[in-house]
Amino acid sequence: MAEITPSGSGGPIRVSPPAPDGNLTVRGGVGGITVQLEELDVGARKLDGLAEQLANVEAEVFNAWRDLGAHQNEPRSTGTAALTVVGDARDAVQSVRLELQRISSHIRGCRFEYELAEERVRHLRTLGTSPPSVEMQKHVDFWRTGFLNGAATEMLAGNAVTGLPTIEPLLEWADPGLRTGTVAVKREESMALHLDASPAGLLERVRLLEERGSGLIEVIQVDNDGKKAYIVLVPGTQINDADEGTNPFDLGGIVDGLGSNSEHVNAAVLRALRDAGAERGADVVAVGYSQGGIHAMNLAADERFQDEYGMKYVLTAGSPISRITPPPGVSTLHLEHRTDWVPGSDGMPNRDARNQVTVTMTNDLYVRGGEDAELGPGHRLDGYEEAGRLVAGSKDPSLMQSTAVLGAVLGAGGAATATRFSLSKTPPPPVPMDRRDPFSGRPQPGAK
């Protein structure tokens, strides 16, 4: 859009993403483009209202000027002078009205051109192309790490995962290990701890939970000025042959999360919260790494959960959650790394919304020859702990507001009680591939 400088203003009407904060780029939140556009819309409506009022004043002044026409032949000091003054006043009101309407039009033009640019980007995505700088970064990151970066994975995945709920039965039919089922909950241990309630501190608790063993979640009770709040920690994908298909956070957990909105894991988390003593209406913060972030976001969007508890905040790290929309009252913070392909595996960028902030780390990472990079250097949990520390120290308005919401729920941390629960599933017995239709589950024609 051409730069438009309203009369008396210091700059053009435009929207722009927040400036990079060191190695962090920020999308969404109170400083995001969506909020800027919302504020511009509000401003445009107010300008339209003022212009309408001025139009009424202009009409009244014109009527007065017209009525004075009968006195224009009176002495110049009265008749002609009065006509001139009233006529000039009408012209001044008209000038201000036209200026307000012009500014309002440019504001709406700014929004239209931004939406047009977004549509152009979406069209390029469907064609599998990106701006040259993004394409170059894809190749450089692949050369450095041996993995597709987030943008490349997102482009490759495209809209393919839109049909995951439809293909879920096919996946479970092809691999019985991906089948989901009712998840049992067992209290394992409780302990007192000194809680660091910052994003980095919460992700450290996830790391300690994963080191403790597979299939575990943790519920932490904190006392914030006499009010109890609870934190639910959910681990990432865990593949361990010793689990023998009983771990709800194995590959089947991804199917549950993306295909069934975490139906089984959510039900288990509700039971764990009740067991931990969480009363109805208690505030809850959910934290999830990788697959765990999918479950955490699904928990926030679960009507059953909303009926019993008040989800206030969700923190995810390295999680593909763009297709999950949190309720307006839930603030979410999503940590990603440019070289991490996992967040891009759902084929869409995260929403730019007032209550949803995405932070992407952009520092260069490398994989040396012979190094076990697992899912890639960008997906490491300790890297996301570092991202959490950078977020806490950032002066970006979106991040400051987001962490303020987290602090309002949990306070500054301190003495807390953590209770760990083991979750286990009992997958249904394998069904011979020639006996059941993968979509209906009914016997196929001719099967016995």
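Can you tell me how many residues within the stretch 206-220 are outside any loop (DSSP other than H, G, I, E, B) and within 21 Å of Arg274 (Cβ to Cβ)? Quick ask: steps written out before the conclusion?
From the stretch 206-220, those outside any loop (DSSP other than H, G, I, E, B) are 206-212, 216-220; that's our starting set.
Those left that are additionally within 21 Å of Arg274 (Cβ to Cβ): 209, 216-220.
Result for the stretch 206-220: 6.
Yes or no, residue by residue, for (1) aliphatic (A, V, I, L, M); (2) closer than 24 Å to Met348 by Cβ; (3) modelled with pLDDT under 90:
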| position | (1), (2), (3) |
| --- | --- |
| Gly128 | no, yes, yes |
| Asp141 | no, yes, no |
| Thr145 | no, yes, no |
| Glu154 | no, yes, yes |
| Gly158 | no, yes, yes |
| Trp173 | no, no, yes |
| Pro176 | no, no, yes |
| Val183 | yes, no, no |
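From the list Asp307, Asp256, exactly one residue is part of a helix (DSSP H, G or I), free of Cβ contacts under 8 Å to residues at least 24 places away in the same chain and either in the same structural domain as Ala404 (by TED's automatic domain parsing) or surrounded by fewer than 24 Cβ atoms within 10 Å (Cβ to Cβ) (or both). Which is it? First the steps, then the outcome.
Details: Asp256 fails: free of Cβ contacts under 8 Å to residues at least 24 places away in the same chain.
Sole residue among the options that is part of a helix (DSSP H, G or I), free of Cβ contacts under 8 Å to residues at least 24 places away in the same chain and either in the same structural domain as Ala404 (by TED's automatic domain parsing) or surrounded by fewer than 24 Cβ atoms within 10 Å (Cβ to Cβ) (or both): Asp307.
Looking at the stretch 367-414 only, could you name the residues that are over 25 Å from Gly236 (Cβ atoms), surrounded by 15 or more Cβ atoms within 10 Å (Cβ to Cβ) and either hydrophobic (A, V, I, L, M, F, W, C) or in contact with a Pro (Cβ under 8 Å, 6 or more places away or on another chain) (or both)?
Passing the criteria: Asp396, Pro397, Ser398, Met400.
For the stretch 223-235, which positions are within 25 Å of the chain's Cα centre (by Cα) and in a strand (DSSP E or B)?
Passing the criteria: Ala229, Tyr230, Ile231, Val232, Leu233, Val234.
In this structure, does Gly277 turn out to be more than 29 Å from Gly32 (Cβ to Cβ) and among the small types (Gly, Ala, Ser)? Lay out the reasoning, then the answer.
Numbers: more than 29 Å from Gly32 (Cβ to Cβ): yes; among the small types (Gly, Ala, Ser): yes.
Spelling it out, Gly277 is indeed more than 29 Å from Gly32 (Cβ to Cβ) and among the small types (Gly, Ala, Ser).
Here are Leu209, Leu202, Leu233, Leu193: which of them is over 22 Å from Ala267 (Cα atoms), in the same structural domain as Leu270 (by TED's automatic domain parsing) and touching a Leu at 6+ places or on another chain (Cβ under 9 Å)?
Details: Leu209 fails: over 22 Å from Ala267 (Cα atoms); Leu233 fails: over 22 Å from Ala267 (Cα atoms); Leu193 fails: touching a Leu at 6+ places or on another chain (Cβ under 9 Å).
Going through Leu209, Leu202, Leu233, Leu193 in turn, the sole match is Leu202.
Any idea which of (1) assigned to a strand (DSSP E or B); (2) modelled with pLDDT of 95 or more is the one Val269 doesn't satisfy?
If we test Val269 against (1) assigned to a strand (DSSP E or B); (2) modelled with pLDDT of 95 or more, just (1) comes out false.
Which of the numbered conditions does Met400 fail, given that it passes all the others? Conditions: (1) in a helix (DSSP H, G or I); (2) touching a residue at least 40 places away in the same chain (Cβ under 8 Å).
Evaluating Met400 over (1) in a helix (DSSP H, G or I); (2) touching a residue at least 40 places away in the same chain (Cβ under 8 Å) leaves (2) as the failure.
Tell me which residues, restricted to the stretch 3-23, are in a loop (DSSP other than H, G, I, E, B), touching an Asp or Glu at 6+ places or on another chain (Cβ under 6 Å) and at pLDDT 75 or above.
none
Quick test for you: out of Ser262, Ser198, Ser190, pick the one residue that is of a type in the set (Gly, Ala, Ser), touching a Ser or Thr at 6+ places or on another chain (Cβ under 8 Å) and crowded, with 19+ Cβ neighbours inside 10 Å.
Numbers: Ser262 fails: touching a Ser or Thr at 6+ places or on another chain (Cβ under 8 Å); Ser190 fails: crowded, with 19+ Cβ neighbours inside 10 Å.
Only one candidate passes the filter, namely Ser198.
Quick check on my filter: what residues within the stretch 312-354 are more than 23 Å from Val255 (Cβ to Cβ) and either outside any loop (DSSP other than H, G, I, E, B) or free of Cβ contacts under 8 Å to residues at least 40 places away in the same chain (or both)?
If the condition is that a residue be more than 23 Å from Val255 (Cβ to Cβ) and either outside any loop (DSSP other than H, G, I, E, B) or free of Cβ contacts under 8 Å to residues at least 40 places away in the same chain (or both), then Lys312, Tyr313, Leu315, Pro327, Pro328, Gly329, Val330, Ser331, Leu333, Leu335, His337, Ala353 are the ones that fit.
Out of Val42, Val26, Val57, Val61, which single residue is in a helix (DSSP H, G or I), crowded, with 17+ Cβ neighbours inside 10 Å and either modelled with pLDDT of 85 or more or hydrophobic (A, V, I, L, M, F, W, C) (or both)? Lay out the reasoning, then the answer.
Numbers: Val42 fails: crowded, with 17+ Cβ neighbours inside 10 Å; Val26 fails: in a helix (DSSP H, G or I); Val57 fails: crowded, with 17+ Cβ neighbours inside 10 Å.
Unique residue meeting the criteria: Val61.
Among the residues of the stretch 310-359, which ones are of a type in the set (Ser, Thr, Tyr), closer than 19 Å to Gly376 by Cβ and surrounded by 24 or more Cβ atoms within 10 Å (Cβ to Cβ)?
Listed by number, the residues that qualify are Thr316, Ser319, Thr339, Thr358.
I'm trying to understand the selection: among the residues of the stretch 135-147, which are within 13 Å of Leu365 (Cβ to Cβ) and either under 26 Å from the mean Cα position of the chain (by Cα) or without any contact (Cβ under 8 Å) to a residue 40 or more places away in the chain (or both)? Explain how you work it out, then say what you get.
Taking the stretch 135-147 first, the residues within 13 Å of Leu365 (Cβ to Cβ) are 137, 140-147.
The answer is Gln137, Val140, Asp141, Phe142, Trp143, Phe147.
The values are calculated or read from the model by the stated rules, or taken from the named source; none is laboratory data. What you see is a predicted model; the values in this text were computed from it and never measured. Note that each Cβ is placed from the backbone with ideal geometry, even for glycine, and that neighbours are counted across all protein chains shown.
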